[in-house]
1. Using only Cα atoms, tell me the angle between helix 8-28 and the longest principal axis of the chain; keep it within 0 to 90° and round to the nearest 10.
2. Based on DSSP loop calls and a cut-off of at most 16 other Cβ atoms within 10 Å, the longest stretch of the chain free of exposed trypsin sites (Lys or Arg not before Pro) is what?
3. At 7 Å along Cα-to-Cβ for each site, give me the label-to-label distance between residue 76 and residue 25 in nm.
4. So what is the relative contact order for the stretch 8-124, in percent, with contacts set as C-alpha pairs under 8 Å and at least six apart?
5. When the chain is modelled as a GNM with alpha-carbon springs shorter than 10 Å, which of 114, 13, 23 fluctuates the most?
6. For the stretch 26-102, compute Rh as the Kirkwood radius over C-alpha pairs and then the Stokes-Einstein diffusion coefficient at 37 °C and 0.692 mPa s; write the answer in µm²/s, rounded to an integer.
7. May I ask which residue of 15, 71, 54 lies farthest towards the positive end of the charge dipole of the stretch 1-88, with charges of +1 (Lys, Arg) and -1 (Asp, Glu) on Cβ and the Cα centre as origin?
8. Would you please give the FRET efficiency between residue 94 and residue 10, computed as 1/(1 + (r/R0)^6) with r the Cβ-Cβ distance and R0 = 35 Å, to the nearest 0.05?
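No value in this document is a laboratory result; all are computed from the given coordinates. In this text the structure is predicted, and so the values were computed from the model without any measurement. Cβ placement follows ideal geometry from the backbone for every residue including glycine, while neighbour counts extend to all protein chains displayed.
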Amino acid sequence: MGGDEGDGTDRRARGREAEDLAAGWLAERGYRILARNHALRTGEVDLVCEGDGVLCFVEVRSRTGDAHGGPEETVDRRKARRIILAATDWAARNGGADRDIRFDVVAITFGDGAPRLVHFPAAFDADGAPGVF
């Protein structure tokens, strides 16, 4: 989860809000939320979900406004690799190693009106290479 305004406390609160919005949005679309904020020293995955038989590891990114680009643009190969490490750990600990997996990004832009959510399924692959953006 990310933000670009305010002090660390404001960014953390906005990040939690973004994760809550993303989890609710995904659940409304039939995803089952299995875990939140699985963290290691080397990385973290914000949401672990299941949808259509696929185990989805979801990175939630947020920004206020789009003057500096969309929130999804902040997921570079280095960030993706950190997510992959945490996802691999979660899968090994929870019986997901033999499942079909996918790495998604939910981008949330906060502004004057309602937050705008965009879901990027298969945003990057298991090597961290970009998929859809």
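1. Taking the Cα atoms of the chain, the angle to 8-28 is about 60 degrees.
2. Counting only loop sites that pass the neighbour cut-off, the longest clear stretch is 42-98.
3. According to this spin-label approximation, the distance is 2.4 nm.
4. Once divided by the residue count of the stretch 8-124, the mean separation gives 24 percent.
5. The residue that fluctuates most here is 114.
6. After rounding, the answer is 248 µm²/s.
7. Working it through, the farthest residue towards the positive pole turns out to be 54.
8. Efficiency at R0 = 35 Å is approximately 0.60.
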